[in-house]
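I have placed the structure first, in the form of structure tokens, so that the comments after it can refer back to it.
The values are calculated or read from the model by the stated rules, or taken from the named source; none is laboratory data. Not measured: the values here are computed from a predicted model. Here the Cβ positions follow ideal geometry from the backbone for every residue, glycine too, while neighbour counts run over all protein chains shown.
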Amino acid sequence: MQNNDVPYQRQVNPGEQTGPISLSNLTINFSNFATNFKDAFAASSSGVSLSGLFFLLIVIVTVGYLFVTQYTLQQTEKGAVNTIETARQLQSIKEANREQPLRNFYIKTALNCCCLGEWKNNYVDITALEYAIKQGYRCLDFEIYSLNNVPIVGASTKMEDFHHTETFNHLNFADVCTKINELAFTQAPNKDDPLLINLRIKSDNKDVNFVKKIIESIKTFGNKLLGPECNYEFGGYNLGRVPIKKFMGKVIVMIDISNPIVKTNCPSKDSNSDSCLHQYVNFGTGSPFLHDLKYEMNVKNAPNMNELIDHNKKNMSIVFPDPPYTVNVNFNVAKAFGCQLIGMMPLIKDPNLKLYNKVFNKEGSAFKLKPSELCYQPVVVETPLAQNPALSFATRNYKTDYSSWSG
């Protein structure tokens, strides 16, 4: 079977999980270079051009400079991320709100939450994930690629490109799931709340081993996963209408179902398979019950505002920013339409993110209840009063001194 793995645009060391360069490797590389250069210089007396050696020296020094610059950039960005401070303003969902359905909440959402900043020419790092969890984000979004049949986490500004990441490095998806399981239900300020995990699988690799490894990583969450009744997109029903109390302390798996590999290797809804990813989908992103929206096109300039509001009363939406993905969306605009999962880039600290955090901090929760006018209000018809027998339309018997009849 053809292997459609990611050919990296920038890849220094494919085996490195938290960065393409290590300082020890860098020291060894320059040590080797010095030895090789000495040997080459000695060989110059045997006819090797000094100008050629000088050119080689310039190339090696330039490459070394780029390596050091990238390493410094990653370490600087990591150092700027405060993973000690937690969003202590946020607590678990208020008891009084737990009868409300999932669709009635704005949920604090982190997009590409392993990125140390922008999605291009940057790094993914566990540090960024730890920051998002400790800041109380309860919907975590990831791009999943394939590298040698192994699911990895990277990022790109090209939503439809399944063959390149634009980050300098990648993380193993299995390691990411392990870290989430380790922190989200222990060290998060709202550790008892539901945790939504949104996977955008950017690969057309249908190899069964690749799919199995994604499933194995999802199984890391063990008994925190929802029960089998919630598999296969909740059996085709709307998960958003379920009271949020059913999801406390649980992981809700959301996967973009537009990718065919989600439903590959699936026998049927009534059968289990260790290679059917659809079996583990609780909420299908891109389904009628959960729309994925581009901010400018589908929200800010929505063709029909009332239609969008009505959709979000009964269903849910996740909102993404627009290319080049360097500015967060205006939370107030998407909020006015009732969009629940308004995605932010947690380490791009612009005014939109500050407003976003202010709203959730004021609420004291990562789950803010929507105003009643943006929630679905079922029409309840009161039980009619019993009919007055005197006003009945039933057949009646009439009688006079001369005759009798019914009518």
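All of Pro351, Pro323, Pro378, Pro371 fail the test of being within 14 Å of Leu111 (Cα to Cα) and either surrounded by fewer than 15 Cβ atoms within 10 Å (Cβ to Cβ) or at pLDDT below 95 (or both), apart from Pro323.
Select the helices (runs of 4 or more DSSP H) contained entirely in the range 278-371, then report the ones holding at least 2 residues which are of a type in the set (A, V, I, L, M, F, W, C) and in contact with a strand residue (DSSP E or B) (Cβ under 8 Å, 6 or more places away or on another chain).
Numbers: elements: 305-314, 331-336, 351-363.
Because the criterion is at least 2 residues that are of a type in the set (A, V, I, L, M, F, W, C) and in contact with a strand residue (DSSP E or B) (Cβ under 8 Å, 6 or more places away or on another chain), the helices (runs of 4 or more DSSP H) in the range 278-371 that meet it are 331-336, 351-363.
What number of residues within the range 137-165 satisfy the criterion of being of a type in the set (Asp, Glu), buried (at least 19 other Cβ atoms within 10 Å of the Cβ) and part of a loop (DSSP other than H, G, I, E, B)? Before the answer, list the steps.
Residues of the range 137-165 of a type in the set (Asp, Glu): 141, 143, 160-161.
Of the ones still in play, those that are also buried (at least 19 other Cβ atoms within 10 Å of the Cβ) are 141, 143.
Right, trim to part of a loop (DSSP other than H, G, I, E, B) and you get none.
Count: 0.
Beta carbons closer than 9 Å, at least 6 apart along the sequence or on distinct chains, pair a first residue in the range 268-297 that is at negative phi with a second that is among the small types (Gly, Ala, Ser) and modelled with pLDDT under 90 for Gln279/Ser271; Gln279/Ser273. Annotation: of all residues in the range 97-122 being surrounded by fewer than 22 Cβ atoms within 10 Å (Cβ to Cβ) and outside any loop (DSSP other than H, G, I, E, B), the one that is farthest from the chain's Cα centre (by Cα) is Asn97.
Got at least one residue in the range 249-258 being more than 17 Å from the chain's Cα centre (by Cα) and either aliphatic (A, V, I, L, M) or buried (at least 19 other Cβ atoms within 10 Å of the Cβ) (or both)? Checking the range 249-258: not a single residue is more than 17 Å from the chain's Cα centre (by Cα) and either aliphatic (A, V, I, L, M) or buried (at least 19 other Cβ atoms within 10 Å of the Cβ) (or both).
For Ile93, the test of being more than 17 Å from the chain's Cα centre (by Cα), crowded, with 21+ Cβ neighbours inside 10 Å and of a type in the set (A, V, I, L, M) is passed.
Which one is surrounded by the most Cβ atoms within 10 Å (Cβ to Cβ) among residues in the range 206-234 that are assigned to a loop (DSSP other than H, G, I, E, B), touching a residue at least 24 places away in the same chain (Cβ under 8 Å) and out of contact with any helix residue (DSSP H, G or I) (no Cβ under 7 Å at 6 or more places or on another chain)? If we take residues in the range 206-234 being assigned to a loop (DSSP other than H, G, I, E, B), touching a residue at least 24 places away in the same chain (Cβ under 8 Å) and out of contact with any helix residue (DSSP H, G or I) (no Cβ under 7 Å at 6 or more places or on another chain), then Leu226 is surrounded by the most Cβ atoms within 10 Å (Cβ to Cβ). Mind listing just one residue for me: the one in the range 235-260 that is assigned to a helix (DSSP H, G or I) and small (Gly, Ala, Ser) and, of those, farthest from Leu369 (Cα to Cα)? Per the criteria, the residue is Gly235. Any residue at all in the range 128-138 that is in contact with a Gly (Cβ under 7 Å, 6 or more places away or on another chain), touching a residue at least 24 places away in the same chain (Cβ under 8 Å) and farther than 27 Å from Ile244 by Cα? No; the residues of the range 128-138 include none that is in contact with a Gly (Cβ under 7 Å, 6 or more places away or on another chain), touching a residue at least 24 places away in the same chain (Cβ under 8 Å) and farther than 27 Å from Ile244 by Cα.
For every residue, the table says whether it meets (1) modelled with pLDDT under 95; (2) over 20 Å from Tyr137 (Cβ atoms).
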| residue | (1), (2) |
| --- | --- |
| Asn272 | yes, yes |
| Thr285 | no, no |
| Leu290 | no, no |
| Glu296 | no, yes |
| Ala334 | no, no |
